[in-house]
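Asks: Pasting a structure below so you can have a look.
Please treat every number below as a calculation from the coordinates, not as lab data. The model shown is predicted, which means the values in this text are computed figures rather than measured ones. Note that each Cβ is placed from the backbone with ideal geometry, even for glycine, and that neighbours are counted across all protein chains shown.
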Amino acid sequence: TGEAMYVDDIPAPKDCLYGAFMYSTHPHAHVKSVNFRSSLASEKVITVISAKDIPVGGKNVGSGFRMLGEEALFGDPVSEFAGQNIGIVIAETQKYAYMAAKQAVIDYSTENLEPPILTIEDAIQHNSYFQTPPFLAPRPVGDIDQGMSQADHKILSGEVKLESQYYFYMETQTALAIPDEDNCITIYSSTQLPEITQNVVADCLGIPYHNVRIITRRVGGGFGGKGLKGTHVACACAVAAFKLQRPVRMYLDRKTDMIMAGGRHPMKVKYSVGFKSDGTLTALLVDLGINAGISPDLSPLMPGHTISSLKKYNWGALAFDIKLCKTNVSSKSAVRAPGDVQGSFIAEAIIEHVASALGADTNAVRRKNLHSVESLRTFYGDAAGDAPTYSLIDIFDKLASSPEYRSRAEAVERFNGGSRWKKRGISCVPITYEVTLRPTPGKVSILNDGSIAVEVGGVELGQGLYTKVKQMTAFGLRELCPDADGLLDKVRVIQADTLSLIQGSFTGGSTTSESSCEAVRQSCAVLVERLKPIKEGLEAKSGAAAPWSALIAQAKMASVNLSAHAYWKPDPAFVKYINYGAAVSEVEIDVLTGATTILRSDLVYDCGQSLNPAVDLGQVEGAFVQGVGFFTNEDYATNADGLVVNDGTWTYKIPTVDTIPKQFNVELINSARDQKRVLSSKASGEPPLLLAASVHCAMREAIRAARKEFKANSPLTFQMDVPATMADVKELCGLDVVERHLQSLTSAAASAAVKA
């Protein structure tokens with residue numbers, strides 16, 4: 001409706017100023033000076049905020065996460081990557097700030113500096129790494145040497161690469177900082193991390209945490225990008241507002257946002273796998289290089305997440321050598337399903353390689369190596385849960401072993417036999433996705449008129465958090481009110497405020513909704529315990545159900561505390577659980593252009609006992625389409641200095657209406673109840689993104705059909721990296737297919753003439 005207020009919709013306060021980042025275009029250089037070309041915009045510059053404007057006692061920090069490390073707010077005195085913030089142009093309007101920043105002329109020097117490290121290969125050569133804390137490091141499974149010795153066949157030199165992906169939230173990074181009395185500051189920030197933003201801003205300014213108030217009503221899309229990346233903008237506005245003692249706001253233009261944001265972690269994988277003649281896997285050894293960028297950010301989480309989703313198959317034995325590479329590029333951070341989507345795809349690339357080497361049906365190899373309940377516990381430990389909750393085999397069989405799938409696979413084969421320039425492929429991909437529950441606060445307050453205000457630690461990102469929280473509030477108070485539907489209308493979830501509800505942690509990892517709902521449910525339980533005696537007393541006197549308004553009025557008269565706060569903590573024995581799903585995708589590729597059309601995708605996802613099926617369905621669909629972008633269209637290209645060059649929609653292609661499958665079917669299944677989960681529900685925000693690998697795998701099948709058609713010494717086992725863009729598909733099909741076809745026609749005509 002356009003009625004929802006986002007940070008940039010907040011009316012500008014009196015005397016408000018506007019800021020824009022000036023960023024480096026060199027990956028490793030001294031910043032000698034900053035000047036401006038003569039222009040109207042440069043004349044409108046009020047000042048430039050730089051590292052020297054950080055208050056005494058503060059520090060040059062733009063982001064940080066406990067125990068993982070920090071990143072500087074300003075590249076001072078050395079710019080450490082192309083795209084790093086050098087300074088903030090302050091002007092009277094946002095337009096003038098943008099224009100002036102583009103007129104900046106930055107003088108660099110590389111004297112006495114080492115050459116930049118830009119790639120995984122460079123980092124390995126120079127031993128440039130971040131360390132993964134032991135408590136985050138994944139653990140191997142089994143004896144790799146023994147597993148390899150049991151193999152009938154081995155692949156010793158497999159390789160696959162995955163590039164980055166930009167978040168592409170609708171609302172770019174934005175914040176509004178307003179200085180307050182007593183050395184305090186209030187910041188309206190579009191962030192997934194209000195508490196961490198508060199801490200980083202306070203550290204930057206050198207003031208106590210209680211002097212910083214972060215308010216977030218809602219975020220216009222996050223996908224992880226409004227996490228640590230968002231704190232830079234909040235800190236920038238805070239430093240400028242503190243210095244000038246005037247409100248300062250920033251709203252990044254799309255190009256600047258794309259250049260500075262970082263995005264998903266690029267990975268380079270080499271693997272050796274052992275397997276038996278019947279397709280049973282015996283051992284997997286993975287060498288994984290991860291490009292983390294200039295600072296740790298959340299990169300130490302990536303090894304664990306990547307290996308977790310890789311473990312969806314029973315590899316027999318699993319070992320790995322993971323290098324978290326420090327490079328002179330923008331820090332990579334958590335993007336929806338961070339690490340997990342890469343790990344799940346790596347598993348599929350290996351399975352397809354094994355199937356191709358054996359000349360076997362890929363789905364048969366997949367099915368043979370899905371976990372039993374016992375092997376699931378071996379690979380995942382306590383996260384495996386109880387046997388009845390393991391639904392993956394049933395889901396996979398429902399899709400891949402159905403008569404309909406066999407019929408469609410046969411139809412694809414017939415189509416390919418009769419079509420030269422268009423080829424089809426079909427593939428079924430299973431997923432496992434391990435999530436972690438976190439302590440989360442919640443507060444429920446009943447006002448004098450019976451309306452209800454609710455606060456939670458989570459932030460509404462468009463994932464339906466507030467909808468679920470409202471429902472849980474009405475559910476939790478249902479014993480007190482005969483009209484539960486009417487109660488729902490009385491509930492309002494109010495904005496996140498770091499001085500109102502502390503220990504809010506962060507919104508991410510797909511479990512914020514359920515954790516927030518459980519904190520609210522516990523708060524409601526406290527209120528029910530307080531109010532139930534009063535309700536019973538009123539009903540004993542009247543002989544009828546007590547109206548909600550009368551109950552609250554009586555409680556007020558009796559001085560009952562009508563506000564309850566809970567800090568929910570998960571059971572230490574049940575901190576993690578696994579989500580399951582599978583998808584079948586059928587695609588058609590144009591051999592001449594490389595264009596791909598997704599004809600149909602069928603998704604089956606285990607949502608547990610969904611808290612809100614309509615919300616979860618939207619999450620599944622949205623995650624899948626975002627994943628399709630990662631696997632097919634979104635080419636995160638940089639120049640020789642590591643500066644992002646695909647910095648707008650003209651060159652960076654996100655999914656559109658033409659990308660969505662022509663036929664898109666999603667089924668949520670309600671798996672066995674599990675009292676250890678929140679009302680037996682499961683996460684839905686990130687896991688379904690992994691299902692988009694089914695599109696990439698189907699594209700590989702279609703390309704294989706094209707290579708069979710045109711032969712041309714094209715091996716049917718080939719490396720197909722991520723993303724597989726139009727150009728990649730055309731190249732894998734063969735750039736010379738038309739010439740070869742014409743040659744075959746000429747040869748056939750000549751042969752016929754000779755016979756005649």
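Asks: If I model a spin label at Lys708 and Arg414 as a point 7 Å from the Cα along the Cα→Cβ vector, what separation in nanometres do I get?
Replies: It works out to 1.6 nm between the two label points.
Asks: Under the classification rounded if a/c is under 1.5, otherwise prolate if a/b is larger than b/c and oblate if not, where does the chain fall, given a ≥ b ≥ c as square roots of the Cα gyration tensor eigenvalues?
Replies: Numbers: a/c = 1.94, a/b = 1.24, b/c = 1.56.
Because a/c hits 1.5 or more and a/b fails to exceed b/c, the chain counts as oblate.
Asks: Further question: Near Lys368, within a Cβ-to-Cβ distance under 11 Å, what is the net charge of the other residues, with Lys and Arg +1 and Asp and Glu -1?
Replies: Value of the local net charge: +1.
Asks: Mind ordering 255-266, 141-152, 686-697, 89-100 by average Cβ neighbours within 10 Å, highest first?
Replies: Highest mean packing first, the order is 686-697, 255-266, 89-100, 141-152.
Asks: In the range 32-52, whose amide N lies under 15 Å from the spot 7 Å out along Cα-to-Cβ of Thr93? List them in ranges.
Replies: 40-46
Asks: Compute the distance in nm between two label points, each set 7 Å from the Cα along the Cα-to-Cβ direction, one at Ala360 and one at Asn561.
Replies: It is 6.2 nm.
Asks: Pick out, from Met699, Gln131, Cys184, the residue whose Cα sits farthest towards the positive end of the charge dipole of the chain, with +1 on the Cβ of Lys and Arg and -1 on the Cβ of Asp and Glu.
Replies: Met699
Asks: Right, another one. With the Cα gyration tensor of the range 638-732 giving a ≥ b ≥ c as the square roots of its eigenvalues, does the rule (a/c under 1.5 for rounded; else a/b larger than b/c for prolate; else oblate) give rounded, prolate or oblate? Numbers along the way, then the final one.
Replies: Numbers: a/c = 2.46, a/b = 1.52, b/c = 1.62.
Taking the square roots of the gyration eigenvalues as a ≥ b ≥ c, the range 638-732 is oblate.
Asks: Okay, next question. If only Cα atoms are counted, what is the Rg of the range 79-184, and what is its Dmax, in Å?
Replies: When restricted to Cα atoms, the range 79-184 yields Rg and Dmax of 24.2, 74 Å.
Asks: Pairs Lys161/Lys255; Lys270/Lys730; Lys95/Lys468; Lys161/Lys676; Lys32/Lys102; Lys270/Lys312: which exceed 28 Å Cα-Cα?
Replies: Lys95/Lys468; Lys161/Lys676, as the Cα separations exceed 28 Å there.
Asks: With label points built 7 Å along Cα→Cβ from the Cα atoms of Glu181 and Val657, find their separation and express it in nm.
Replies: Result for the modelled spin labels: 5.5 nm.
Asks: For an R0 of 45 angstrom, estimate the FRET efficiency from the Cβ-Cβ distance between Asp386 and Asp736 and round to the nearest 0.05.
Replies: For R0 = 45 Å, the calculated efficiency reads 0.20.
Asks: Provide the percentage of antiparallel DSSP beta bridges, counting only those with both residues in the chain; round to the nearest 5.
Replies: Antiparallel: roughly 75 percent of the beta bridges in the chain.
Asks: Related question: Cross-link partners among lysines for Lys59, C-alpha distance below 19 Å, same-chain residues fewer than 8 apart left out?
Replies: Qualifying lysines at Cα under 19 Å: Lys229, Lys243.
Asks: A further question on this structure: Given the convex hull of the Cα atoms of the range 529-672, what is a quarter of its surface area in nm²?
Replies: Mean orientational projected area (the range 529-672, Cα hull): 17.9 nm².
Asks: Same structure, new question: Cα gyration tensor of the range 1-109, axes a ≥ b ≥ c as square roots of the eigenvalues: rounded (a/c below 1.5), prolate (a/b > b/c) or oblate?
Replies: On the way: a/c = 1.90, a/b = 1.17, b/c = 1.63.
Since a/c reaches 1.5 but b/c is at least a/b, the shape of the range 1-109 is classed as oblate.
Asks: Calculate the all-directions average of the projected area of the range 1-335's alpha-carbon convex hull, and give it in nm².
Replies: Taking a quarter of the hull surface, the average projection is 20.2 nm².
Asks: If each residue's Cβ is checked for other Cβ atoms within 10 Å, how do Trp548, Trp315, Trp568 rank with the fewest at the top?
Replies: Trp548, Trp568, Trp315
Asks: Loop only per DSSP, at most 13 neighbouring Cβ atoms within 10 Å: give me the trypsin sites (Lys or Arg not before Pro) in the range 1-41, ordered by residue number.
Replies: When the trypsin sites (Lys or Arg not before Pro) of the range 1-41 are filtered for loop state and at most 13 Cβ neighbours within 10 Å, Lys14, Arg37 remain.
Asks: In the range 174-193, which residues have a backbone nitrogen under 12 Å from the label point lying 7 Å from Lys569's Cα in the Cα-to-Cβ direction?
Replies: Within reach of a label on Lys569: no residues.
Asks: What order, most packed first, do the peptides 395-402, 174-181 have when packing is the mean number of other Cβ atoms within 10 Å of each residue?
Replies: Per-residue Cβ counts within 10 Å, averaged per peptide and sorted highest first, yield 174-181, 395-402.
Asks: Would you mind telling me the antiparallel percentage of the DSSP bridges in the range 1-335, rounded to 5?
Replies: Percentage antiparallel, nearest 5: 75.
Asks: Are there any GluC sites (Glu not before Pro) in the range 1-80 that are in a DSSP loop and have at most 11 other Cβ atoms within 10 Å? List them by number.
Replies: Answer in residue order: Glu3.
Asks: Just give me a number: lysine pairs in the range 479-589, eight or more positions apart or cross-chain, with C-alpha atoms less than 28 Å apart.
Replies: Eligible lysine pairs with Cα atoms under 28 Å apart amount to 10.
Asks: Then there's this: Can you sort Ile393, Ile290 by how many other beta carbons sit within 10 Å, fewest first?
Replies: Ile393, Ile290
Asks: Same structure again: In what sequence do Val666, Val373, Val365 fall when counting other Cβ within 10 Å, fewest first?
Replies: Least to most surrounded, the residues fall as Val373, Val666, Val365.
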